[in-house]
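The block underneath contains the structure these notes are about, expressed in structure tokens.
The values are calculated or read from the model by the stated rules, or taken from the named source; none is laboratory data. Model, not experiment: these values are computed from the prediction. Ideal geometry is used to build each Cβ from the backbone, glycine not excepted, and the neighbour counts take in all protein chains shown.
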Amino acid sequence: MTAVLDGIRVLDFGRYVAGPFCACMLGDMGADVIRIERREGSEDRFIASVCESGEGSSFLQLNRNKRGLTLDPMTPGGREVVARLLPTADVVVANLPQATLKAMGIDYETLCRYKPDVILTHISAYGNDGPYAERVGFDLSGQGMSGMAYLSGDERGPVRSQINYVDFSTALFAAFGTLAALMARAQTGRGQIVEASLLTSGLALANNFIAEEAVLGLDRKPHGNRGHHIAPNDLFATRDGWIVVMVAGNPLFERWAKLMGETSWLEDPRYATDSSRGNHSREISERMARWCAERTTAQALRELDGARVPAGSVYTPAQALADPHVQARGLFKHVEYPGVAKPIPIADTPVRLSDTPGGIRHRAPLLGEHTDEILASLGYTAAEIAALREQRVV
């Protein structure tokens, strides 16, 4: 079966999460993705190391389905390699500052000289214009400046998420934009710049709170795990663990109230709507907490499911991996990697297409694993490749 992006070549100059995961999603759908990194290996290769050679778990997830090329594009020989690569590329992905793009010869103006219909997917911290355009930043910049770290906190202060959700959402927005640009190119024959940024993504995710504040001026305060707009919407301790419960809409609240034995609450104006329940979330959460404290996790989930009230376990990472539903659906692919004692669970493509599905075809590359192969395809001889190594270009 031909993959959706079969025949599309992506040059991935990305680092850490947003750029690499964008290119990863394109690779999952069949694109030929070439990851270009420093000769000694880029920093993101070695975070949370799980391999003898140092590769980290994030790198193995975000760089599957890619071929690896080491290169110093700041050298004359490196710029020549880039010049030969660019005419073969449909998409260039980079989450680097504009000045760095220009210094490496992969800014949009330069790209178009080699491939007029190329698509440049550029990811930055704050966007390509405005007073913060030249600033650098990471996922936490988006969590902090969107208001989400503040609202996720409690009386002790803001709380960050351990999961880089701003990075990952930015990658998905960028991949969505890249696919749209490829469709536009098929219609018009023209390439374009696809721009995504961490701050833009963070604000998009937090838009409901920002819009509410602009209209109503509520100046909401953080209150831990309790939701702001509906209740119960919280994490609750059971006799042997924790669960999450989230109730939205009057029909669900009615089922929940009956399960709690609080049918009188159905006539109480404090609990008449989602908004009013959100404003009285403390007492609702306290009632739910008392109910959960009398039950094991299994008992609580069984009764909540019987009443058709949405709930779920709060897992450790090990428990998430072992969950029977996760295993039955094959949500992880176990991929072997040199130097790792056992196969590594890598989350499979998170969206499924019925006719042209994506998927994990092969593991992330070793450092420079495909350098010779890629250079040979560009017309370099074995002697020329050896000379590039001697000159520390690759």
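For the range 320-339, indicate whether the set of residues that are surrounded by 10 or more Cβ atoms within 10 Å (Cβ to Cβ), farther than 21 Å from GLN61 by Cα, more than 20 Å from the chain's Cα centre (by Cα) and not hydroxyl-bearing (Ser, Thr, Tyr) is non-empty. No, every residue in the range 320-339 fails to be surrounded by 10 or more Cβ atoms within 10 Å (Cβ to Cβ), farther than 21 Å from GLN61 by Cα, more than 20 Å from the chain's Cα centre (by Cα) and not hydroxyl-bearing (Ser, Thr, Tyr). Residues in the range 112-122 that are within 9 Å of GLY191 (Cβ to Cβ) and under 27 Å from the mean Cα position of the chain (by Cα): VAL118, ILE119, LEU120.
Yes or no: SER169 part of a loop (DSSP other than H, G, I, E, B) and either more than 13 Å from the chain's Cα centre (by Cα) or in contact (Cβ under 8 Å) with a residue 12 or more places away in the chain (or both)? So SER169 does not fit the description; no. Within the range 112-132, the set of residues being surrounded by fewer than 17 Cβ atoms within 10 Å (Cβ to Cβ) and outside any loop (DSSP other than H, G, I, E, B) comprises CYS112, ARG113. Among the residues of the range 180-210, the ones that are more than 16 Å from the chain's Cα centre (by Cα), part of a helix (DSSP H, G or I) and surrounded by 18 or more Cβ atoms within 10 Å (Cβ to Cβ) come to 3 in all. Looking across the range 339-348 at every residue that is at pLDDT 95 or above and in a loop (DSSP other than H, G, I, E, B), the one that is farthest from PHE46 (Cα to Cα) is identified as ASP348.
Yes or no, residue by residue, for (1) touching a residue at least 60 places away in the same chain (Cβ under 8 Å); (2) touching a Leu at 6+ places or on another chain (Cβ under 7 Å):
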position: ASP219; (1), (2): no, no
position: PRO222; (1), (2): yes, yes
position: ASN225; (1), (2): no, yes
position: ILE230; (1), (2): no, no
position: ASP234; (1), (2): no, no
position: ALA237; (1), (2): no, no
position: ASP240; (1), (2): no, no
position: VAL247; (1), (2): yes, no
position: PRO251; (1), (2): no, no
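All of ALA293, ALA248, ALA318 fail the test of being aliphatic (A, V, I, L, M), out of contact with any helix residue (DSSP H, G or I) (no Cβ under 8 Å at 6 or more places or on another chain), under 28 Å from SER169 (Cα atoms) and outside the structural domain of ARG156 (by TED's automatic domain parsing), apart from ALA318. Those helices (runs of 4 or more DSSP H) of the range 276-338 in which at least 1 residues are touching a residue at least 40 places away in the same chain (Cβ under 8 Å), out of contact with any Asp or Glu (no Cβ under 6 Å at 6 or more places or on another chain) and more than 30 Å from ASN65 (Cα to Cα), considering only elements entirely within it, cover 281-293, 297-306. For LYS102, the conditions (1) buried (at least 24 other Cβ atoms within 10 Å of the Cβ); (2) farther than 23 Å from LEU367 by Cα; (3) not hydroxyl-bearing (Ser, Thr, Tyr) all hold with the exception of (1).
Of all residues in the range 73-94, at least one satisfies being touching a helix residue (DSSP H, G or I) at 6+ places or on another chain (Cβ under 6 Å) and surrounded by fewer than 16 Cβ atoms within 10 Å (Cβ to Cβ). Looking at the range 37-68, which of its residues are among the hydrophobic types (A, V, I, L, M, F, W, C) and surrounded by fewer than 24 Cβ atoms within 10 Å (Cβ to Cβ)? Across the range 37-68, the qualifying residues are PHE46, ILE47, ALA48, VAL50, CYS51, LEU60.
Taken over the range 135-178, the criterion of being among the hydrophobic types (A, V, I, L, M, F, W, C), under 23 Å from GLU213 (Cα atoms) and crowded, with 17+ Cβ neighbours inside 10 Å is satisfied by MET145, MET148, ALA149, VAL159, VAL166. Residues that are without any contact (Cβ under 8 Å) to a residue 12 or more places away in the chain and more than 22 Å from the chain's Cα centre (by Cα) were ranked within the range 340-354; the one that is nearest to LEU172 (Cα to Cα) is SER354. For the residues ASP372, ASP355, the requirement of being acidic (Asp, Glu), within 24 Å of ASN65 (Cβ to Cβ) and assigned to a loop (DSSP other than H, G, I, E, B) singles out ASP355.
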